[in-house]
Every structure is written in C-alpha cells, then in structure tokens.
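Everything below concerns the one structure shown next.
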Amino acid sequence: MLIGELAERAGTSPRTLRYYEEHGLVRPRRDVNGYRQYDDAELRVVHEIRTLLADGFGLDDIKPFVACLRAGNDAGHVCPDSVAVLRRRMAEVDGYLAQLTEVRHRLRAQLDQAINHREIRCQMNP
C-alpha cells in the first residue's frame, strides 16, 4: 500500500508516517519510481506507535516495542527490552502520582482552611 492508504487506515497523516520513518520506526520499501510501499505489518506497527505515544512514551522508548513486533511477536510488550521500558515508565508514573497526591493534600488543606476562615468572618459580620 502507498503512504496515503496506510495513513488513512492508521488514522494519521503521511507527514506523520514520514516522521516515524525518520526515527527508524516505520520501514517502507521504495518502488523504482521512489514511492513508499508498505506491507500490512506496518499498519500494526503504526497502531503500536500511536498507542504508546498516547500513553506518554517517547519515540526512543517505542523502539523496543517496534523491534519486538518485527521479531514476529503478536504484541510489542512481550520482549525483555520492552518490559524494561514498561518498568521504567511505571516507576515514572508512580512518582508523578505520589507528587500529585501531595499537591492534592496541600490544596485540600488550603481549601478547608479558606472555607473555615470565610465561615468565621461571615458569622462575625452579619
């Protein structure tokens, strides 16, 4: 399939596919006329890329997942290098959650204090 068809089937643009190609994630074959040709396996690769990007992974993080698919696996997350990336990403997300929990507690305390202060001031000034 040509780049336009792959883009349409993957729900992306030809420009995005060329960007993925620049980063070594997508591998077209070239016709004698220079047109990019993609086989059906590239559609699966592009779906994997888009899913991982939506989950916050960077392009370098995605490479082991793509390599895993290219090695013939049904999923990109089953190979050791992919598992290592998943573990690292989970640790990052856990860190973000801990930070957000702390911020939430501080905001809750400030909000409670503001509400209590307002209620006291309103009762004093009828």
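The values are calculated or read from the model by the stated rules, or taken from the named source; none is laboratory data. Quick caveat, the model's predicted, so the values are computed rather than measured. Ideal geometry is used to build each Cβ from the backbone, glycine not excepted, and the neighbour counts take in all protein chains shown.
Just a few scattered comments:
- Within this structure, D61 fails the test of being in contact with a Pro (Cβ under 6 Å, 6 or more places away or on another chain) and of a type in the set (D, E).
- Taking the range 10-51 as the range and being among the polar types (S, T, N, Q) and either touching a Cys at 6+ places or on another chain (Cβ under 6 Å) or assigned to a loop (DSSP other than H, G, I, E, B) (or both) as the test, the residues that pass are T12, S13, N33.
- For the range 52-86, filtered to residues that are part of a loop (DSSP other than H, G, I, E, B) and of a type in the set (D, E), the residue that is surrounded by the fewest Cβ atoms within 10 Å (Cβ to Cβ) is D74.
- Counted residues, the range 38-67 - those being over 24 Å from L2 (Cα atoms) and either among the aromatic types (F, W, Y) or touching a helix residue (DSSP H, G or I) at 6+ places or on another chain (Cβ under 6 Å) (or both): 3
- Set D81, D74, D112, D94: member being farther than 16 Å from V26 by Cα, within 29 Å of the chain's Cα centre (by Cα) and modelled with pLDDT under 95: D74
- Hits in the range 6-26 - residues which are touching a residue at least 24 places away in the same chain (Cβ under 8 Å) and either at positive phi or surrounded by fewer than 16 Cβ atoms within 10 Å (Cβ to Cβ) (or both): R9, G11, H23, G24
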